[in-house]
1. When the helix-only estimate is applied to the chain (DSSP H runs of n ≥ 4, each -39,500 (n - 2.57), divided by the residue count), what is the mean residue ellipticity at 222 nm, nearest 500 deg cm²/dmol?
2. Sort the following peptides by mean Cβ neighbour count (other Cβ atoms within 10 Å, averaged over residues), highest first: 81-88, 216-223.
3. Just to be sure I understand: with springs between alpha-carbon atoms less than 10 Å apart, which residue in 78, 306, 189 has the highest mean-square fluctuation in the Gaussian network model of the chain?
4. Sorted from fewest to most neighbouring beta carbons within 10 Å, what does the list 5, 130 look like?
5. Taking the convex hull of the alpha carbon atoms in segment 255-317, what volume per residue do you get, in Å³?
6. Subtract the Cα-Cα distance of residue 99 and residue 82 from 0.36 nm times their separation in residues, and report this length gain in nm to one decimal.
7. When all C-alpha to C-alpha distances in segment 28-181 are sorted into bins of 5 Å, what percent of pairs does each bin hold, rounded to whole numbers?
8. Before anything else, pin down the relative contact order of segment 29-257: Cα pairs under 8 Å, at least 6 apart, normalised by residue count, whole percent.
């Protein structure tokens, strides 16, 4: 399978934006406009990564490699959990808190834990319904993902309104954020594999829906800050269910030139290393946005390039296994 270069470019952009978000520059300069960007437009990032994960999970599932896909994500999660051990071990005060920390992840690593759970749940539902009928797969996944999406959105707005004692991590997890979007990616891949692009929006329509979704994200974020102030966090905007799938489809249908170097390891290293690099920058007294972004993006990029020269990622443009689908890439969403 040929690489989809547009997705590689999109992942690199999303990884850089994640690093920017974690500098907390926007929170330090918060205004209604920056709130609309940070809690509106940029809330597409995690859904997009999840959709990509689901898209490639389908290809692994039909090859019978679903368990292997899960094991790769688990190994990746365990590796980076160990890397960040000094930063989270202090929060562990017993067996219960240890299990909770391992399940929910640390800081940005919650995404890996979420993807792992979402993939396991999707594959489990798929296995169970196939016992009865393969025709049940689509309605069962839509029902399960839809229910989780609705419950997650409801819990978030209850949390925002102060109407219930709900911590953020109750809905910021694999069940209520990752699973619905992983399912969207999986079902898109299944549809394309069976019917091609028939029945899906055209490229022009995908662009229109993306713009509509981005507008919805900004409007929703503005309404949230107008109602509850600038100190709240909007983790799962309703508009992300329009914007993220539409942008993914738009990228999928847009042909992009092959990059001169492999950029998928760069986006992965930026995502996983940027928190460590931001911590290092602050330890060195670097607090400006430019300096922190240099550390958060520059050093992981150099690391990826150095590892690439050592052949860690396999031949240029191909994965270490010789496949072009990135099956053993560092990225959990690939």
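The numbers here are math on the coordinates, done by the rules we state, and not lab data. Note that the structure is predicted; figures quoted are calculated from it, not measured. Don't worry about glycine lacking a Cβ; one is built from the backbone with ideal geometry, like all the others, and counts go over all protein chains shown.
1. Numbers: 15 runs with 218 residues, N = 334.
That calculation yields -21000 deg cm²/dmol at 222 nm.
2. 216-223, 81-88
3. Of the options given, 306 has the highest mean-square fluctuation.
4. 130, 5
5. 95
6. 4.7 nm
7. Bins of 5 Å from zero give 2, 8, 14, 18, 19, 16, 12, 7, 3, 1, 0, 0 percent of pairs.
8. Working: 266 pairs, mean separation 80.5, N = 229.
Here the relative contact order equals 35 percent.
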